[in-house]
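Novice: Quick one: structure below, then a few questions.
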Amino acid sequence: MQESNNDLNSRRSMMLGMGAAMAGTALLTPMAANAQGRGRGFQASRHAIDAWMGELPGNHRIFIDTSTGRGGAEALLYSANLNNATVSAYAGEDASLAMIVCLRHFSTPFAFNDAMWEKYGEIFHTVTGIADPNTNAAPRINLLQTSSNGLNTPNFGNTIDSVRQLGVEIAICDAATQFLSSQIGPATGQEIGAVYEELKANTVPGRLVSAGVMALTRAQEYGYSLLYAG
């Protein structure tokens, strides 16, 4: 028995519809797989030189980034304020915060001790832009290592040593240290490599990182909140 034209048309429509559905499924399957892959979330690689960021004790992680002289000073104030707020508002303890203050770019000179400021204060001053509040001239000491300036500097008397007692880790940009060496060497008639080794041997208590900007990105991969000072 022969099929009617209507029946043939119906069958053709059904087959075409099924083919389109199958084609659609084939097209959607890779997209669905990609979506499922994204749902699993990105996991950054871990590297031995960054492991210390995951080892700092604390229930909350904060990375304070600085790239200016003023920012370096403000970072000390911010870290002290964060500690005080944790203790007063949340009934927390000092150890509940894991904090890193990064001295990079134009705040890097504050990563060096008084001996280096006595020797290279004029050059450091041109970088940080922070004058001695008592003389309005280039400092001959690291202003972030003394509390005697009180309210005259943006750190409001908070020092590198005082925030370290709260558990703050100081990260020092090695790339900026090398750049400073390249400026100091020709200006003082010294070999750049020798200046670089001298600066590294005279840092404040802290940790040299390959580059401050690198430490900033790695810290975020370790779950640190980013706060910019300056």
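Novice: If I filter segment 129-144 for residues that are without any contact (Cβ under 8 Å) to a residue 12 or more places away in the chain and either part of a helix (DSSP H, G or I) or under 30 Å from ASP50 (Cβ atoms) (or both), do I get at least one hit?
Specialist: no
Novice: Would you kindly identify the helices (runs of 4 or more DSSP H) lying entirely within segment 1-95 that contain at least 2 residues that are of a type outside the set (Lys, Arg) and modelled with pLDDT of 85 or more? Explain how you work it out, then say what you get.
Specialist: On the way: elements: 5-39, 52-55, 69-89.
Where helices (runs of 4 or more DSSP H) fall fully within segment 1-95 and carry at least 2 residues being of a type outside the set (Lys, Arg) and modelled with pLDDT of 85 or more, they are 52-55, 69-89.
Novice: Kindly indicate whether any position in segment 188-200 is free of Cβ contacts under 8 Å to residues at least 40 places away in the same chain, in the same structural domain as PRO57 (by TED's automatic domain parsing), under 28 Å from THR146 (Cα atoms) and among the aliphatic types (A, V, I, L, M). Give the steps one after another, and end with the answer.
Specialist: Filtering segment 188-200 for residues free of Cβ contacts under 8 Å to residues at least 40 places away in the same chain gives 189-197, 200.
Imposing the further condition that a residue be in the same structural domain as PRO57 (by TED's automatic domain parsing) reduces the set to 189-197, 200.
Cutting the leftovers down to under 28 Å from THR146 (Cα atoms) gives us 194-197, 200.
Right, trim to among the aliphatic types (A, V, I, L, M) and you get 194-195.
Yes - at least one qualifying residue is present in segment 188-200.
Novice: Pairs needed: first member in segment 203-230, within 11 Å of MET53 (Cβ to Cβ); second member anywhere, of a type outside the set (D, E, K, R) and part of a loop (DSSP other than H, G, I, E, B); C-beta distance under 6 Å; at least 6 residues apart or different chains.
Specialist: That search, which allows pairs on different chains as well, returns GLU221/ALA44.
Novice: Okay, moving on. Can you find a residue that is under 19 Å from the mean Cα position of the chain (by Cα) and on the phi > 0 side of the Ramachandran plot anywhere in segment 158-173?
Specialist: Yes, the conditions are met somewhere in segment 158-173.
Novice: If we keep just the residues of segment 65-75 that are touching a Phe, Trp or Tyr at 6+ places or on another chain (Cβ under 8 Å) and closer than 14 Å to GLU169 by Cα, which is surrounded by the fewest Cβ atoms within 10 Å (Cβ to Cβ)? Talk me through it step by step, then tell me what you get.
Specialist: Residues of segment 65-75 that are touching a Phe, Trp or Tyr at 6+ places or on another chain (Cβ under 8 Å), as a first pass: 65-69, 71-73.
Subset that is closer than 14 Å to GLU169 by Cα: 65-66, 72.
Working: ASP65: 24, THR66: 29, GLY72: 31.
The extreme case among them is ASP65.
Novice: Could we say that MET116 is at pLDDT 95 or above, in the same structural domain as TYR222 (by TED's automatic domain parsing) and touching a helix residue (DSSP H, G or I) at 6+ places or on another chain (Cβ under 6 Å) here? Break it down stepwise before answering.
Specialist: Working: at pLDDT 95 or above: yes; in the same structural domain as TYR222 (by TED's automatic domain parsing): yes; touching a helix residue (DSSP H, G or I) at 6+ places or on another chain (Cβ under 6 Å): no.
The answer is no for MET116.
Novice: If you check every pair at least six apart or on different chains, which have Cβ atoms under 6 Å apart with a residue in segment 41-60 that is under 18 Å from GLY212 (Cα atoms) and in contact (Cβ under 8 Å) with a residue 60 or more places away in the chain first and a residue that is among the hydroxyl-bearing types (Ser, Thr, Tyr) and not in a helix (DSSP H, G or I) second?
Specialist: Listed by first residue and then by second, the contacts come to MET53/TYR222; GLY54/TYR222.
Novice: Let me confirm something: among PRO109, PRO57, PRO133, which residue is over 28 Å from GLU221 (Cα atoms) and either of a type outside the set (Asp, Glu) or not assigned by TED's automatic domain parsing to the domain that holds GLU169 (or both)?
Specialist: Values: PRO109 fails: over 28 Å from GLU221 (Cα atoms); PRO57 fails: over 28 Å from GLU221 (Cα atoms).
Only one candidate qualifies: PRO133.
Novice: Kindly check whether there is at least one residue in segment 190-208 that is farther than 18 Å from TRP117 by Cα, under 23 Å from the mean Cα position of the chain (by Cα) and either part of a strand (DSSP E or B) or at pLDDT below 95 (or both). Full working, then the answer.
Specialist: From segment 190-208, those farther than 18 Å from TRP117 by Cα are 191, 193, 207-208; that's our starting set.
Right, trim to under 23 Å from the mean Cα position of the chain (by Cα) and you get 207-208.
This time we only want the ones that are either part of a strand (DSSP E or B) or at pLDDT below 95 (or both), so: 207-208.
Within segment 190-208 (the criterion being farther than 18 Å from TRP117 by Cα, under 23 Å from the mean Cα position of the chain (by Cα) and either part of a strand (DSSP E or B) or at pLDDT below 95 (or both)), the answer is yes, since at least one residue qualifies.
Novice: Same structure again: Please work out which residue is surrounded by the most Cβ atoms within 10 Å (Cβ to Cβ), limiting yourself to segment 95-127 and to residues that are of a type in the set (Gly, Ala, Ser) and under 22 Å from the mean Cα position of the chain (by Cα).
Specialist: Within segment 95-127, the first condition is being of a type in the set (Gly, Ala, Ser), and the residues that meet it are 95-96, 98, 107, 111, 115, 121.
Keeping just the survivors that are under 22 Å from the mean Cα position of the chain (by Cα) gives 95-96, 98, 107, 111.
On the way: ALA95: 13, SER96: 16, ALA98: 23, SER107: 31, ALA111: 27.
Ranking the candidates gives SER107 first.
Novice: Would it be correct to say that ASN155 is under 23 Å from LEU77 (Cβ atoms), assigned by TED's automatic domain parsing to the domain that holds THR68, modelled with pLDDT under 95 and under 20 Å from the mean Cα position of the chain (by Cα)?
Specialist: Values: under 23 Å from LEU77 (Cβ atoms): yes; assigned by TED's automatic domain parsing to the domain that holds THR68: yes; modelled with pLDDT under 95: yes; under 20 Å from the mean Cα position of the chain (by Cα): yes.
Taking the combined requirement at face value, the residue satisfies it.
Novice: So, in segment 145-178, exactly how many residues are under 15 Å from GLY69 (Cβ atoms) and in a helix (DSSP H, G or I)?
Specialist: 4
The values are calculated or read from the model by the stated rules, or taken from the named source; none is laboratory data. Note that the structure is a prediction, hence the values are computed from the model and not measured. FYI the Cβ positions are ideal-geometry reconstructions off the backbone, even for glycines, and counts take in every protein chain you see.
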